[in-house]
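The structure appears right after this line, and notes come after that.
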Amino acid sequence: MSTIEAIAENYQTFNPAAYLQNNYIPPLADFSDPDSVVAWKLKCLADACASGEIGGQILVDIDSGPTVYQVLSAFELFKEVILTDFLAVNREELKKWLHDEPGAFDWGPSINQVCSIEGKGEPWQAKQKRLRERVSRVIPVNVHQSCPLGTELAPVTVDALVSSFCLEACSPNYPAFVKALGNITGLLKPGGHVLMIGALEESYYMAGEARLSAVSLTEEMTRKAYDVGYIIRDFRSYTLPESMTVDTDDAKGVSFVWAQKKESD
Ligand SMILES: C[S@@+](CC[C@H](N)C(=O)[O-])C[C@H]1O[C@@H](n2cnc3c(N)ncnc32)[C@H](O)[C@@H]1O
């Protein structure tokens, strides 16, 4: 049986470039394919953000990894966006993109896709520039600590959280997953929103040499984790068709949760 410490050790071989190639280029991010899993995720996030109910001062993306697709709709609704990751290599990858350095991953196709969902006729380059300006910090996070952002951000100071494929990918078991959700919930103001994307029935994924184990979650387990402290505002699931299955993970699907922290419990 794995432990939080063994998982942290295993993450030291996580390869951001390999992870990006495995998950964020075609076929998974082929936006001409109506089955594209990345397109599905972007649509879920865009729909929640178009509700007019989400917004405020601070948005925190818990465990950005080397990716920014997960904030492409939400960042527009907040004055300040904070990206976070457990690993320095991922924080460096994010900074490379933020500073438009050579070798940075090309998020243009994903940004273009979000512009087309939002339907304002805006060139994707304008959104990209705005996001780069809106990110104020890229900081470390550990979801297994009661204060996941340490001294950088105190509890109950955040208006909304985004998180994608984090908690199940760094927890040894379901109780640890639920506890980690509780830890990040502590950052949120009452009434604040969470937009969470997660893997369904995944036991491992690859990122280069690293083989990371995941807590295998059903839809029911995913929903149940929000019983304490949240109202679920939207829940969606996506079953991976054969065209979207890859040999670098064994996920069967993806979940999307939009939840709102209760004013009081
Ligand atoms: C599957 S990646 C998710 C990346 C990205 N959010 C996405 O949507 O593709 C899992 C991430 O978990 C992070 N991680 C590992 N241990 C962690 C911990 N204790 N606290 C927070 N994040 C952790 C890793 O650094 C890695 O970026």
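The values are calculated or read from the model by the stated rules, or taken from the named source; none is laboratory data. The model shown is predicted, which means the values in this text are computed figures rather than measured ones. Here the Cβ is made from the backbone with ideal geometry for all residues, glycine too, and neighbour counts use every protein chain on show. These accessible areas exclude ligands, DNA and RNA; they are computed on the full protein's heavy atoms, side chains included. Shrake-Rupley method; radii C 1.70, N 1.55, O 1.52, S 1.80 Å.
Miscellaneous remarks
- Annotation: aspartates and glutamates with alpha-carbon distance below 18 angstrom to LYS252 (same-chain offsets under eight excluded): ASP35, GLU168, GLU201, GLU202, GLU219, GLU220, GLU242.
- Sorting the segments 79-90, 139-150, 121-132 by their residues' average number of neighbouring beta-carbon atoms within 10 angstrom, most packed first, yields 79-90, 139-150, 121-132.
- Accessible area of GLU9 in the full protein assembly, 1.4 Å probe (Å², nearest 10): 130
- Hydrodynamic radius (Kirkwood) for region 196-241, which is based on Cα pairs only, to one decimal in Å: 12.3
- Rounded accessible area of ASP250 (nearest 10 Å², 1.4 Å probe): 40
- Pairs beyond 31 Å (Cα-Cα), from LYS129/LYS224; LYS43/LYS262; LYS43/LYS79; LYS79/LYS261: LYS129/LYS224
- Each part gets one Cα centre, and for region 84-163 versus region 21-64 those centres are 12 Å apart.
- Since only GLY52, HIS144, LEU195 are under comparison, the one whose Cα sits farthest along the positive direction of the charge dipole of the chain, derived from C-beta charges on Lys, Arg, Asp and Glu, is GLY52.
- Counting only Cβ charges, +1 for Lys and Arg and -1 for Asp and Glu, the dipole size of the chain around its Cα centre is about 780 debye.
- Cα→Cβ-extended label distance, 7 Å offset, between ASN10 and GLU133, nm: 4.3
- Distance (nanometres) between label positions extended 7 Å along Cα→Cβ at ASP35 and HIS99: 4.1
- Rounded, prolate or oblate (a/c below 1.5 giving rounded, otherwise prolate when a/b exceeds b/c) for the chain by Cα gyration tensor: rounded
- Probing with 1.4 Å while keeping every protein chain in the model, the per residue accessible area of the chain equals 43 Å².
- Of the listed residues ARG233, ARG223, ARG134, ARG211, the order by accessible area with a 1.4 Å probe, largest first, is ARG211, ARG223, ARG233, ARG134.
- With helices as the sole contributors, the chain gives -8500 deg cm²/dmol at 222 nm; each DSSP H run of n ≥ 4 counts as -39500 (n - 2.57), and the sum is divided by every residue.
- The residue list MET244, ALA225, SER213 was ranked by how far each Cα lies along the charge dipole of region 178-249 toward its positive end, using unit charges on Cβ atoms, and ALA225 comes out on top.
- Packing rank of 61-74, 41-54, 190-203, where each peptide gets the mean count of other beta carbons within 10 Å, highest leading: 61-74, 190-203, 41-54
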